[in-house]
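Colleague: Here it is, the structure in full.
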Amino acid sequence: MTTLLSPLADVTSRSATADAAQLRAEIDDDLAAITESMRILRFRRNGLAPISGLPNEILTVIFEYLEEEERLDGYDGRDIPACVAVTHVCRHWRNVALECPTLWRFISSSSPFWLDSIAWRKSFHTYLGSNTSNFAHGPCDVGQVMDLLSSQPAPMLKTFKFWARDPVFLPTGPISGPIFRGQVPLLRDVEVDYCDLSWSLCTFGGLRTLRVEGAPLPDLLSALRCMPALEQLTLESIECNETMLFDEVPLARLEHIKLCATSFQTAIPVFAHLALPVDVKVSLRLFSIQGPETFSDLFSAIYKHRGGSGPVLRSLRAANYNIRHMRVQFSTSREMKNPDDDDIRLSIQFFFDLPFVVQPDIVLDIWQTITHQTFFSGELEFIHFEEFTGFIWGLTAALRIEGSTVTYPSLRVLELRDMVLHNDELKDLRDILTMRTRHNLCIQDLRLTLCDNFTDDQARLFGEVVANIDCDRYTLNGGRKSRKRLP
């Protein structure tokens, strides 16, 4: 190590600038040696800490827990993702983290600065080599991330999710090349929000599941043409100009399609451009519904098959969340035990532009529309209604027998939940059920849960015209005006 007895005298005794530069270089070398010595000493000292004695397997579990906790608690927008942060503690932690593919399944950040870190560049190879990868980024770095995703293949990747926090800042120009260089043979599940789908055309041919939000209809159709094996499709907030016309896209293997956050005006052209299998399951979440007549054109666009016998719908389930929000479901099973049954063929949540007064009527009108204007046939055996006000009048009108006209002859189960039942409504319902019994159309089961104003006397009277009555304790106690709703 250089010894300086009198730095000032030594420097002033030299007249050449080169001598001063050499002296500075020697000092820098000495400082570097001291820094390296301190690094080695810190490394040795850290090795004496109790946590340094943990096996790598335990450290991996801790890292995974930290990443999952921050992500699930809503802290996934921090400047540095947890999976990158642990690589900045020490060399040992960095090596352990980079050898753990599951730690890099979900990467989210609102800052682009960490993208240039050495740890990130190394971990990106690990990220693309994992089975499941999720990518969320802020608006400032989307283009840079897309270029990274296009830089190398992902031979082990099976699930990929990518979304930007603000579509306004998405790059408008083409990315550097096909995503994953077009080499992602095991990829089966993709979720993208507000992204240009053009980079997927040569890459996603083997997909089974796709979720897309915010894509223009032409781009969506072009991408779907390259996905013949698709089985699950979820579309949300699709941008559509109903005047555009394109050839239908066949999705012969599709099992379930969901269309969410979409207006009635957008839903029709979307379905008009898709050729769906007969047995596909359809889930809709629509707004701007003005009345039952709006569903006729929609069903014509969805169910374009003509001729032959289609599935038989046997169950109807409807829930009224408020005066502007309802859900109606139709199933091929004889009973719908819950809203997630596998046999549900059509599920519709819809929002009215204005409060719709005759709400119960729209449910039965939809049933009539789908069973008369599509390939579905209807043998309604089970009805479940929930949280409707003034519903009984609409139900009794639908069940009434007029002359030789018999409606819903197969109906055997009537299930009511969370409803306020008035005496005159109950009397009218009992009279209708008595009429149907005389025509050998008896209701086998009447089930009431969380219903108000249905007493033991009412149960006895209905027992004369219904084979089985099943009421919860709340209903048999007459209900109460102030209550805590059950799930």
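Colleague: How much of the accessible area of the range 371-416, probe 1.4 Å, is carbon plus sulfur, in whole percent?
Modeller: For the range 371-416, the apolar C and S fraction of the accessible surface comes to 47 percent.
Colleague: Could you sort the peptides 328-335, 402-409, 380-387, 89-96 by per-residue average Cβ neighbour count (10 Å cutoff), highest mean leading?
Modeller: Most protected by this proxy first, the peptides run 380-387, 328-335, 89-96, 402-409.
Colleague: Another question about this same structure. So between Leu23 and Asp342, what do we pick up on full extension, going 0.36 nm a residue minus the alpha carbon distance?
Modeller: Taking 0.36 nm per residue and subtracting the Cα distance, the gain is 106.8 nm.
Colleague: According to a simple spin-label model (label point 7 Å from Cα along Cα-to-Cβ), what is the distance in nm between Gln232 and Ser404?
Modeller: Computed distance between label sites Ser404 and Gln232 equals 5.1 nm.
Colleague: Considering only the other residues whose Cβ falls under 14 Å of the Cβ of Leu461, what net charge follows from Lys and Arg at +1 and Asp and Glu at -1?
Modeller: Residues near Leu461 contribute -4 overall.
Colleague: Report P(r) for the range 239-285: all Cα-Cα distances, bin width 5 Å, range 0 to the bin holding the largest distance, values in whole percent.
Modeller: Whole-percent P(r) values from 0 Å outward: 5, 20, 29, 24, 17, 3.
Colleague: Largest first and in whole Å, give the semi-axes of the range 378-477's equivalent ellipsoid, each being the square root of 5 times a Cα gyration tensor eigenvalue.
Modeller: Working through the eigenvalues yields semi-axes of 21, 14, 13 Å.
Colleague: Taking the Kirkwood radius as the inverse of the mean 1/r across Cα pairs, report the Rg/Rh of the range 385-433.
Modeller: Rounded to two decimals, Rg/Rh equals 0.97.
Colleague: Once the piece of chain linking Gln265 and Ala32 is laid out straight, how much longer is it, given 0.36 nm per residue of separation minus the C-alpha distance between them? Please list the in-between numbers first.
Modeller: On the way: separation 233, 0.36 × 233 = 83.88 nm, distance 6.92 nm.
Full extension of this stretch gives 77.0 nm more.
The values are calculated or read from the model by the stated rules, or taken from the named source; none is laboratory data. If you're wondering where the values come from, they're calculated on a predicted model, not measured in any experiment. As a convention, Cβ positions derive from the backbone with ideal geometry for all residues, glycine included, and neighbour counts pool all protein chains shown. Accessible surface areas use protein heavy atoms only, side chains included; no ligands, DNA or RNA. Shrake-Rupley method; radii C 1.70, N 1.55, O 1.52, S 1.80 Å.
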